[in-house]
1. Being among the hydrophobic types (A, V, I, L, M, F, W, C), touching an Asp or Glu at 6+ places or on another chain (Cβ under 6 Å) and surrounded by fewer than 20 Cβ atoms within 10 Å (Cβ to Cβ) is the requirement here; does I250 meet it?
2. Only one of these is part of a loop (DSSP other than H, G, I, E, B) and open to solvent by 70 Å² or more (accessible area, probe 1.4 Å): P165, P172. Name it.
3. Taking strands (runs of 3 or more DSSP E) that do not extend beyond segment 1-94, which have at least 2 residues that are open to solvent by 60 Å² or more (accessible area, probe 1.4 Å) and more than 17 Å from D198 (Cα to Cα)?
4. Under 7 Å between Cβ atoms, at least 6 apart or on separate chains: pull out the pairs that start in segment 154-174 with a residue that is over 21 Å from M189 (Cβ atoms) and touching a residue at least 60 places away in the same chain (Cβ under 8 Å) and end on any residue that is open to solvent by 30 Å² or more (accessible area, probe 1.4 Å) and of a type in the set (D, E, K, R).
5. When the residues of segment 175-185 are narrowed to those that are without any contact (Cβ under 8 Å) to a residue 40 or more places away in the chain and either not acidic (D, E) or not in a helix (DSSP H, G or I) (or both), which ends up surrounded by the fewest Cβ atoms within 10 Å (Cβ to Cβ)?
6. Taking segment 226-263 only, how many residues are out of contact with any helix residue (DSSP H, G or I) (no Cβ under 9 Å at 6 or more places or on another chain) and under 27 Å from V177 (Cβ atoms)?
7. Just to be sure before I move on: is V230 at pLDDT 95 or above, within 15 Å of the chain's Cα centre (by Cα) and not in a strand (DSSP E or B) in the structure I sent?
Amino acid sequence: MDSITTKDGTHIFFKDWGLRDAQPIVFHHGWPLSSDDWDAQMLFFLFQGFRVIAHDRRGHGRSTQTYAGNDMDTYAADMIELADHLDLRNAVHIGHSTGGGEVARYVARARPGRVAKAILVGAVPPVMVKSSRNPGGLPMTVFDGFRSGLAANRAQFYLDIASGPFYGFNRPGAKPVEGTIRNWWRQGMMGGAKAHYDCIKAFSETDFTEDLKAIKVPVLVMHGDDDQVVPVADSAELSVKLLRNGELKIYKGYPHGMLTVHAEILNPDLLAFIQK
């Protein structure tokens, strides 16, 4: 099993497939999932000749179930260590949801030559929680509900998310896919409850405004307009305005988990931006 040990002793699991001299694409997963959430993208891009890499964020998947360090600064620092370990150059970083925040923070701090492009999909930046500076955000009560649901019965809470709003399976006429629901639940339950609890604050309250402003490489922002988890108006539509070289692509009727349920549409779009 491939893993690195960070400076604070945390083991970070990662996958690294493909030829070492091929252009690397690094995938950053959402809460509370793992690198397995990128199966459809990793296989697609591997067959396109890329080197594909994905890690389990600390506290998630097969990485250490950390008590501390479950915050965006540490997540980005872990990625810096992994990029150094693998000596990644000219990489494309793709982040979904919480992973999009991780990408924004990492790319803004990455060493010169490490990053070629970035893609944010259903991503949490600039900031999710409502405040006087972010009046269109979600109320704190929404995230308190996440915390209480996780603490009371994490297994049921995760099942409810996967079978409902995450993939839009709660919409009229939607046809739930049992395997997709079970896979989401499986990934979530692999991680640590404490790390997942802390990560709710990380993805909802972290302000990525200055990160987005600092990114110099081209960035594609992709979002479904029926995203019930990260509303598009207070995320993608604001993020693209903060980026120096940003491009926005909105998908009509698509849910938060569109990378899984609409991979046949999104994968070619990801490839077109990377090859542009």
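The values are calculated or read from the model by the stated rules, or taken from the named source; none is laboratory data. In this text the structure is predicted, and so the values were computed from the model without any measurement. All Cβ positions, even for glycine, are placed from backbone atoms using ideal geometry, and neighbour counts span all protein chains on display. In case anyone asks, the SASA skips ligands and DNA or RNA and just uses the protein heavy atoms, side chains included. Shrake-Rupley method; radii C 1.70, N 1.55, O 1.52, S 1.80 Å.
1. yes
2. P172
3. Ranges flagged: 11-17.
4. Close Cβ pairs (under 7 Å, with a partner that is open to solvent by 30 Å² or more (accessible area, probe 1.4 Å) and of a type in the set (D, E, K, R)) amount to G168/D226.
5. Among those that are without any contact (Cβ under 8 Å) to a residue 40 or more places away in the chain and either not acidic (D, E) or not in a helix (DSSP H, G or I) (or both), it is K175.
6. Final tally of qualifying residues: 8.
7. So V230 passes the test.
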